[in-house]
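These notes are about the structure you will find just below.
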Amino acid sequence: MVTTPPNKPIKRPFLAVDGVTFGYGREPLLYDVHLQVQQGEMIGLLGPNGSGKTTLLRLLSGVYRPQQGKILLEGHDLQQWNRQDIARHVAVVPQELHMPFAFTVAQMVSLGRTPFINFFGSPGKHDESIVMDALHAASIEPLAERIFNQLSGGERQRVMIAMALAQEPSLLLLDEPTSHLDIKFQVETLALVQRLNRERGVTVIAAMHDLNLAARYFPRLLLFQRGIVADAPPAEVLEQGVLRRVYGVNVQVGILRGAEHISVLPPGSEVASEVAEDQFREHGPQPVVHVMAGGGTGEMMMRALADAHIAFVAGALNIGDSDHTLALRLADEVITEQPYAPISLPILEEVRKSLATVKLLIICSMPIGPGNLALLQEAVASERHGLRVLLYHDTAIAERDYTGGEGQQLLEALLQAGAQSVASVGEAMDIVKQL
């Protein structure tokens with residue numbers, strides 16, 4: 001008799017971010033973020049300034065609460081824990097810490113035991129033992145009686161890590177731990193974090209600005225731009241085209257002696273030029289389709305184009321728009337505008353240049369407001385110069401026109417000039433594949 005083996009239990013993630021949305025005003029800074037982290041992982045969080053890295057860390061530490069979605073730590077909703085409970089599980093190492101008092105290093109590290117001591121209590125022998133262990137682990141025992149504010153930047157960073165260790169955390173969050181440090185202390189700080197991760201099994205998530213250091217010390221990288229653009233090992237995340245679209249600069253990426261030795265090179269150097277030539281030969285055809293979308297309306301179209309290996313340009317899209325985050329992963333080129341800003345003249349010129357080189361423009365059912373009305377005006381001008389245009393409608397025009405009718409008039413002008421209306425992604429792809 002054949003018996004069915006019992007189902008293996010599903011491994012619950014140590015940390016789960018489930019559909020988290022957060023913003024400081026009405027507009028979201030982070031939108032529908034999903035992330036799973038297993039216990040003992042070491043993850044580098046990358047992204048340009050203003051991309052939301054620090055905000056994500058503050059959400060993970062319980063300082064901020066999601067406006068939508070939830071964060072589960074060890075299977076428990078973080079919002080149901082009080083500050084003391086969170087501090088017993090999560091430790092945060094900030095970029096800098098200035099103390100108004102002349103605390104010694106030993107006193108600073110002792111502050112890490114605060115979540116475990118009653119309001120009127122005092123540290124016991126067990127707490128003192130843990131503090132000594134943290135001093136030893138961070139190799140700062142000789143500094144124990146020194147004044148914290150008189151230490152060098154690298155020494156202060158090690159003290160802050162020791163203070164975090166005294167919390168006995170299961171999750172260690174670091175916000176730009178190598179900022180303002182010279183290369184010696186950068187390497188020492190990250191080597192310490194790496195050793196603590198390996199020897200003590202502490203799960204580490206660190207916001208990083210140095211891509212080379214991130215590639216060297218973190219086996220898993222998250223590229224963040226108000227949402228997760230890429231989540232993979234360094235060799236996959238640090239891809240030249242993705243970095244250019246996210247950071248807005250033409251860096252080059254070289255691999256030296258295997259995938260664990262990745263070098264992100266500035267443009268202009270001799271080595272960078274050689275890498276650029278090699279990658280240009282491998283890049284493939286230039287984009288043949290331009291996609292105008294926004295607010296999630298371009299998701300299915302962009303996924304279909306990417307699945308069919310059809311090179312396309314997307315934009316202009318505002319940073320923080322869900323279509324922008326997806327385009328950074330899928331499109332060959334992304335024309336990016338600042339968050340919540342109308343389309344500026346320089347960005348409009350980028351759109352104009354793109355429309356002059358592609359064979360087809362696809363306009364999705366994006367909301368039409370004063371900020372992006374100029375995109376439709378460019379579409380009308382390009383169609384009159386011979387560009388083929390598809391209008392992908394899954395929502396009535398009147399329901400998404402917030403310009404008092406001007407947007408609807410431009411879409412109708414496109415149709416009158418020969419634009420083709422399609423009702424499905426499949427219908428649009430049949431046309432695209434005939435180009």
(request) Please go through the stretch 303-316 and pick out each residue that is over 14 Å from Lys433 (Cβ atoms) and either in contact with a Ser or Thr (Cβ under 8 Å, 6 or more places away or on another chain) or modelled with pLDDT of 95 or more (or both). (result) Val313, Ala314, Gly315, Ala316
(request) For residues that are among the aliphatic types (A, V, I, L, M) and more than 15 Å from Leu73 (Cβ to Cβ), scanning just the stretch 34-60, find the one that is farthest from the chain's Cα centre (by Cα). (result) Met42
(message) Which numbered condition in (1) in a helix (DSSP H, G or I); (2) of a type in the set (A, V, I, L, M, F, W, C); (3) under 21 Å from the mean Cα position of the chain (by Cα) is the only one that Leu72 fails?
(response) (1)
(message) With within 25 Å of Gly248 (Cβ to Cβ), exposed (fewer than 13 other Cβ atoms within 10 Å of the Cβ), assigned by TED's automatic domain parsing to the domain that holds Gly298 and small (Gly, Ala, Ser) as the only criterion, which of Ala356, Ala374, Ala379, Ala398 stands out?
(response) Ala356
(request) Might you check whether a residue that is part of a helix (DSSP H, G or I) and in contact with a Phe, Trp or Tyr (Cβ under 8 Å, 6 or more places away or on another chain) occurs anywhere in the stretch 407-428? (result) yes
(request) Please enumerate the residues belonging to the stretch 98-138 that are assigned to a loop (DSSP other than H, G, I, E, B) and closer than 19 Å to Pro169 by Cβ. (result) Ile117, Pro123, Ala138
(message) Looking only at the stretch 82-97, how many residues end up being in contact (Cβ under 8 Å) with a residue 12 or more places away in the chain, more than 26 Å from Glu176 (Cβ to Cβ) and assigned to a loop (DSSP other than H, G, I, E, B)?
(response) 0
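Here's the yes/no breakdown for (1) farther than 30 Å from Ile319 by Cα; (2) at pLDDT below 95; (3) in contact with a Leu (Cβ under 9 Å, 6 or more places away or on another chain):
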{"residue": "Gly47", "(1), (2), (3)": "no, yes, yes"}
{"residue": "Leu59", "(1), (2), (3)": "no, no, yes"}
{"residue": "His76", "(1), (2), (3)": "yes, yes, no"}
{"residue": "Met99", "(1), (2), (3)": "yes, yes, no"}
{"residue": "Arg113", "(1), (2), (3)": "yes, yes, no"}
(request) Within the stretch 10-33, count every residue that is under 18 Å from Gln79 (Cα atoms), among the acidic types (Asp, Glu) and assigned to a loop (DSSP other than H, G, I, E, B). (result) 0
(message) For the stretch 291-331, which positions are surrounded by fewer than 22 Cβ atoms within 10 Å (Cβ to Cβ) and either touching a His at 6+ places or on another chain (Cβ under 8 Å) or free of Cβ contacts under 8 Å to residues at least 24 places away in the same chain (or both)?
(response) Asp307, His309
(request) Kindly indicate whether Thr403 is closer than 25 Å to Ser322 by Cβ and part of a loop (DSSP other than H, G, I, E, B). (result) yes
(message) If Met160 meets every condition in (1) touching a residue at least 60 places away in the same chain (Cβ under 8 Å); (2) within 12 Å of Met42 (Cβ to Cβ); (3) more than 22 Å from the chain's Cα centre (by Cα) apart from one, which number is that one?
(response) (2)
(request) Provide a single number: the residues in the stretch 52-80 that are free of Cβ contacts under 8 Å to residues at least 60 places away in the same chain and touching a Gly at 6+ places or on another chain (Cβ under 7 Å). (result) 4
(request) Would you kindly identify the strands (runs of 3 or more DSSP E) lying entirely within the stretch 154-263 that contain at least 2 residues that are hydrophobic (A, V, I, L, M, F, W, C) and surrounded by fewer than 20 Cβ atoms within 10 Å (Cβ to Cβ)? (result) 228-232
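The values are calculated or read from the model by the stated rules, or taken from the named source; none is laboratory data. Predicted model only: the values in this text are computed from it and were never measured. All Cβ positions, glycine included, derive from the backbone under ideal geometry; neighbour counts span all protein chains shown.
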